[in-house]
Amino acid sequence: KMAAAAGGAGAAVAAAALWSEVNRCGQNGDFSRALKSVNKILQISKDDVTALQCKVVCLIQNGNFKEALGVINTHTKVLTSDIIAFEKAYCEYRLNRIENALKTIQSASQQTDKLKELYGQVLYRLERYDECLAAYRDLIRNSQDEYEEERKTNLSAVVAAQSTWEKVMPENLGLREATYELCYNSACALIGQGKLNEAMKKLQKAEVFFLFALIFLQDVTEEDIEAELAIIHGQMAYIMQLQGRTEDALQLYNQIIKLKPTDVGLLAVIANNIITINKDQNVFDSKKKVKLTNAEGVEHKLSKKQLQAIEFNKALLAMYTNQADQCRKLSASLQSQSPEHLLPVLIQAAQLCREKQHAKAVGLLQDFADQHPANAAEIKLTMAQLKIAQGSVTKACMILRSIEELQHKPGMVSALVTMYSHEEDIDSAIEVFTQAIQWYQQFQASQTRGDNPKSPVHLSLIREAANFKLKHGRKKEAISDLEELWKQNPKDVHTLAQLISAYSLVDPEKAKVLSKHLPSSDAMSLKVDVDALENSHGATYVRKKAGKLTGDNQQKEQGQGDVKKKKKKKKGKLPKNYDPKVTPDPERWLPMRERSYYRGRKKGKKKDQVGKGTQGATTAGSSELDASRTASSPPTSPRPGSAAAVSATSNVIPPRHQKPAGAPATKKKQQQKKKKGAKGGW
């Protein structure tokens, strides 16, 4: 017994020493050594609640969340939920078991401040922003410690998420933007509202705050600095992309990727945005970037809508790269996840159209419209577009007219009338006008009592219908619309003039009666300064003023001349042998052969005559070509155009077959000339 007591006292002394070691290591932040001491204590007393708690904390501090959760689940009898609820929920949260963490927090008997903090984080990850906002407001209202700034930052992040993903107009929380995190979250909220210029200024302010804060921060590595700046710069690039500055955005995106930040969520978002800029161009780059969206842990870093957008873009990229099976697989998976969403069905229809299966695409869209009537309008617009692409304009009109909620819209009416006019179906176009006008009449009757004036849209439709009917010769139908318009506004001279014009073709007497309501010319005269109008900047006609100008008018004309100088005409160049004393030849514009004084060339008469005209023809008669006569008779210069055709039965030898006297001598001369001047052959 004495030995046993001595052994127990020794164990107690050893345990006390170990606890002192645990306490000292905990204060120094050396949780690895503390864990070794705790394990030794548990060897002495395996069910020591405090030791088990310390072990769980040491494991959490070392990042071993799975092992810590295993210890908690192994010792459930000792470590009850009241004791270890926060540590268990935190481990589940860090292991991305968000639903389990929520259940653990809600099952705790006492809601401590630590559990409330974690509860806010869990609600944010679950995208339950309204509850999260209420939780953080309660924490800020009932807490006063050194973590107040972090709570305000989280609160602003919730507001930014509501503005971005739920399109909720954020309320002014009165948070003083004293840190770069608050400025960044404020910028994100402004992006959700579409205030891009203000958001860019906030991001620039956040960057300045961050660089200023580096002066006071210690032990900050370059990686940390680049990571924080990459997030700010990535959001700046996103704003540039929304503003249409795609080249600037693409350059900034690529700069961030070159830095190789460790945040897989940031890289995935940037890669996705680059893919959206590339679209169906630069597909090779997009296929490289899409790998960044498949990194491990991305699904835990991004919101559901961000992940959904990435999957949509993957399906579109598969379609652009002609991977039909992959595109169908991705779009079908998206449709199963979100059956009411439009994009998966539209992607499938687009893929079918690329495969020239337009009828199948229309059928797919029709089935979706029947199953989801809430989204039928957008689907039917796509169906109509496909029908127009196929050339079935009438069927497209039928589909558009089946969209009841858009029938009365001015844009829809205009589109239908244009399409029916293209098909020369005037009756259907007029019917579209009539249905729209009747809808507005019924709507006005249900909203008001009595004969109230018609809405501007209603009156605009009536006027457009009247103009359309007048244009297509439906005068009688147009008259009723014009009378309705004139009844609404009897002072409208334009409508009255149209009405008189229409009646003049149908009932001239009625037109004369109505013309009495036109105002007199004196009443319609406008006080217009004609001179000022003619001298205005946009005047296309300027009155010519006769005579010389004097005084101020002359100065004005000179002033106008200073503004616009007249072009000077260049003097024509005269020939070098021009003599002003000699009268120019009146026939100088005619070719030399057609002039009256032309006498032909002096040298080579026979050479010039030979070869002119058709083959076998002679010039100036056969007697002139006789060598015996040419010796005694003086030569005469031939007149142009005097050659006469020789009949085929004539005995005269053609010129090319004759051998005139002295032929050998001339042949030698010709050969000599050829040797001198010839430089190339045929």
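The values are calculated or read from the model by the stated rules, or taken from the named source; none is laboratory data. In this text, all values refer to a predicted model and were calculated from it rather than measured experimentally. Note: ideal-geometry Cβ built from the backbone for every residue, glycine included; neighbour counts use all protein chains shown. What goes into the accessible areas is simple: the full protein's heavy atoms, side chains included, and nothing from ligands, DNA or RNA. Shrake-Rupley method; radii C 1.70, N 1.55, O 1.52, S 1.80 Å.
Surface composition of segment 374-522: carbon and sulfur atoms hold 52% of the protein heavy-atom accessible area at a 1.4 Å probe.
For segment 13-144, the solvent-accessible area with a 1.4 angstrom probe is 55 square angstrom per residue. Backbone phi angles across segment 269-281, fed through the Karplus curve with coefficients 6.51, -1.76 and 1.60 (θ = phi - 60°), yield HN-Hα couplings of 5, 5, 4, 4, 5, 5, 4, 5, 6, 5, 6, 8, 9 Hz in residue order; Gly and Pro are listed as x. Peptide packing: for 593-600, 156-163, the average count of neighbouring Cβ atoms within 10 Å per residue gives the ranking 156-163, 593-600, highest mean first.
When the alpha carbon gyration tensor of segment 436-518 is reduced to an equivalent ellipsoid, the three semi-axes, largest first, read 25, 15, 9 Å.
Checking the cross-link pairs 475/512; 289/356; 409/471; 260/287 against a 20 Å limit on the alpha carbon distance flags 289/356; 409/471 as lying beyond it. Residue by residue, segment 361-370 carries 3J(HN,Hα) couplings of 5, 5, x, 4, 5, 5, 4, 5, 5, 5 Hz when phi is fed to the Karplus relation 6.51 cos²θ - 1.76 cosθ + 1.60 (θ = phi - 60°); x denotes Gly or Pro.
Rolling a 1.4 Å probe across the protein heavy atoms gives segment 436-518 an accessible surface of 63 Å² per residue.
Over 32 Å between Cα atoms: which of 152/288; 152/201; 305/360; 114/195; 258/301 fall into that group? Flagged as over cut-off: 152/288; 114/195. Computed from the C-beta positions of residue 33 and residue 144, the FRET efficiency with R₀ = 30 Å rounds to 0.30.
Potential lengthening of the chain between residue 394 and residue 195 amounts to 67.4 nm, from the contour at 0.36 nm per residue minus the alpha-carbon distance.
Heavy-atom accessible surface of segment 224-283, averaged per residue, reaches 49 Å², computed with a 1.4 Å probe.
Taking the accessible area of segment 285-349, probe 1.4 Å, and keeping the other protein chains in place, the carbon and sulfur fraction comes to 50%. Cα-based radius of gyration for segment 13-144, normalised by 2.2 N^0.38 Å, reads 1.16. Of all aspartates and glutamates in the structure, the ones whose alpha carbon falls short of 20 Å from that of residue 77, not counting any fewer than 8 places away in one chain, are 47, 48, 67, 87, 92. Ranked by the mean number of other Cβ atoms within 10 Å of their residues, highest first, the peptides 168-177, 146-155, 347-356 fall in the order 347-356, 146-155, 168-177. Taking 13 Å as the straight-line reach from the Cα of residue 202, the aspartates and glutamates in range (excluding those fewer than 8 positions away in the same chain) are 177, 181. Length gained on full extension, residue 573 to residue 165, computed as 0.36 nm times the residue gap minus the Cα-Cα distance: 139.1 nm. Once you sort the root eigenvalues of the Cα gyration tensor of segment 180-265 as a ≥ b ≥ c, which label holds: rounded (a/c under 1.5), prolate (a/b larger than b/c) or oblate (the other case)? It is oblate, given that a/c is not under 1.5 and a/b is not larger than b/c.
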